[in-house]
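Asks: Here it is, the structure in full.
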Amino acid sequence: MVGSEATDVMIAGAGPVGLTLAAELRRAGVACRIVDRLPARLPFAKAVGLQPRTMELFDRMGLVRDVLDAAVPMRGQLTYVNGVAEGRIELVLPPEVPYGFASLPQYETERVLEESLGRYGTAIERATELVGFAQDADGVTSRLTTSSGGEEEVRSRFLVGCDGAHSLVRKGLGLSFEGGAFPEEYMLADVEVGWSLPPGYGVRSVHRGADGAIDDLLVCIPLPGTGRYRMSMQAPPELSAARRAEASGAAGDDGVAHGLEGGTAPALADIQKVLDRLAPEPVTASALRWSSVFRISHRLVDRYGRGRVFVAGDAAHIHPPTGAQGMNTGIQDACNLAWKLALAVGGAAGPRVLPGYDAERHPVGEEVVGRTVRHAAEGVQADPTDRETLLLREAQLLVGHRESPLVTPLAPNAMDPLRPGDRAPDCGGLTGDIAAYPVRLFDLLRGRGHVLLVYGDHPAGDTAADLASAARELTGGRMETHGILPADAPDRPTEVPHHRDSRGEFALRYGADEGTAFVVRPDGYLTARLQPPRVAALRAALGKVFAP
């Protein structure tokens, strides 16, 4: 076994979650290594849905344009029961939401993230697998097997397992992974069909038996390309991977039945049989790019890490693919953890920061697992929530952290619509003194870390310049300040960069009266709302996150 130079963070697994974590760490100037046991990216359209909230995070990371160029819109869903059209869900969000729902094969999402990571000079170490680790008070020692067949020992400050449902990191930490498996097995296939259904719409076609229960299912998600879909459907007994595994004794030793199975892949004829039964109109499938049998479980870890080792994505939570929540939740795990690790590596993290990862993300994982299990049984449309709330939740725009130990809660009787822990919304119509065109708030936040937004002046508050100076001092230079002037405010000199809220959208979206300040953290959530904005209040808010 050979040793190697130490790194700040070791990441096991180079799927979308591990790549997001690595890219965000490198954007923050943190050294990391990312390893994956596979020799190359898999060309499979597994996770294909990108939620609007994930698109907002990609915007913050500076790579949303690459995603938009590669993806196709998800406009809605067509539902059929026993061959009869039962309705159409239109995926229409409020106009102030900057991104809609999108579809992109997982390998394309990984490509965009890998290229982004490469711009920071970091590459995936392929055919390299984490096989063991041990942590102590000062760091983690990881054992790797490398592409050359040798072993390597790596010392890092932290280790993160983004290594999937059968995570070695999770097992090594001794975390529980409670839940169960669905008895059904499914086929996945990437095919083309020439039907007359409108493009951009998913299809959910089911058959209900005499007892009203669903006994046959077809779900089709559009992919880039003419008539191309990722289809899922129940697998016939002759393609049962579970039966083959049971017969061969290859079911695995962790009891987690989730993900793609080996063995005989479904053929085009297998897919056609299901289409003949359930397609909304007669159609012939062609151009089979890939197919597999897969199993679904629903499980959640008891905690998202221990000591200097953490888990994210499928290593922490697995559930039905209903609503395309899994990969997106994992990407958001990574964005949440990345800025916390960056502060810890830089010696700037307060004692609540790293425990705050579990405090914030475990409740999210619990909610997603429970909701997707319910939706898997009856479909998203069976949710009793009103349609607008349903879509906002599916878009993951309602995810928040109001109970987090890292936020400064408002008084219980406060009526402010936007509270610490909520997502920081976008708004348009911000005009500068030089550029003649308006910009979005997200344009100002892109590529930045912690940002203090100061809206106007308050007679009892401190000046924007005083707040900016305090923000720099209290965070070791890690926080930037930007002023937002009300539309009707008189022109006046200012010592901080600023834009004018020319259409009043910032005041509306943020519920801001003149003289309000907001602390926005790197993953796009508010940690404090200060009114009036005083340096003492800012110090108290930042003291929850930053070390003295």
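The values are calculated or read from the model by the stated rules, or taken from the named source; none is laboratory data. It should be emphasised that the depicted structure is a prediction, and the values quoted were computed from it without experimental measurement. Every residue, glycine among them, receives a Cβ derived from its backbone with ideal geometry; neighbour counts consider all protein chains shown. The accessibility values were calculated without ligands, DNA or RNA, using every heavy atom of the protein model including side chains. Shrake-Rupley method; radii C 1.70, N 1.55, O 1.52, S 1.80 Å.
Asks: Do we find a residue being within 27 Å of Gly350 (Cβ to Cβ), basic (Lys, Arg) and within 20 Å of the chain's Cα centre (by Cα) anywhere in region 406-422?
Replies: The answer is no, given that none of the residues of region 406-422 is within 27 Å of Gly350 (Cβ to Cβ), basic (Lys, Arg) and within 20 Å of the chain's Cα centre (by Cα).
Asks: Having 3 or more residues that are closer than 19 Å to Gly313 by Cβ is the bar; report the strands (runs of 3 or more DSSP E) wholly within region 122-194 that clear it.
Replies: 129-135, 151-161, 177-193
Asks: So Arg539 ticks every box in (1) closer than 29 Å to Leu25 by Cα; (2) not in a helix (DSSP H, G or I) but one. Which box is left unticked?
Replies: (2)
Asks: When you scan region 254-370 for strands (runs of 3 or more DSSP E) that lie fully inside it, which ones turn up with 1 or more residues that are at pLDDT below 90 and surrounded by fewer than 24 Cβ atoms within 10 Å (Cβ to Cβ)?
Replies: By residue number, 259-261, 285-301.
Asks: Another one. Need the failing condition index for Pro532 against (1) open to solvent by less than 30 Å² (accessible area, probe 1.4 Å); (2) part of a loop (DSSP other than H, G, I, E, B); (3) touching a strand residue (DSSP E or B) at 6+ places or on another chain (Cβ under 7 Å); (4) closer than 25 Å to Leu410 by Cα, just the number.
Replies: Unmet condition: (3).
Asks: Within region 509-520, can one find any residue that is part of a loop (DSSP other than H, G, I, E, B), touching a residue at least 24 places away in the same chain (Cβ under 8 Å), closer than 29 Å to Gln332 by Cα and not small (Gly, Ala, Ser)?
Replies: No; the residues of region 509-520 include none that is part of a loop (DSSP other than H, G, I, E, B), touching a residue at least 24 places away in the same chain (Cβ under 8 Å), closer than 29 Å to Gln332 by Cα and not small (Gly, Ala, Ser).
Asks: Taking the condition at pLDDT below 95, of a type in the set (A, V, I, L, M) and either at positive phi or surrounded by fewer than 19 Cβ atoms within 10 Å (Cβ to Cβ) (or both), does Ala464 pass?
Replies: Details: at pLDDT below 95: yes; of a type in the set (A, V, I, L, M): yes; either at positive phi or surrounded by fewer than 19 Cβ atoms within 10 Å (Cβ to Cβ) (or both): no.
Here the answer is no, as Ala464 does not meet what is asked.
Asks: Only residues that are assigned to a loop (DSSP other than H, G, I, E, B), buried (at least 23 other Cβ atoms within 10 Å of the Cβ) and at pLDDT 95 or above: list them for region 34-53, please.
Replies: Scanning region 34-53 gives Asp36, Gln51.
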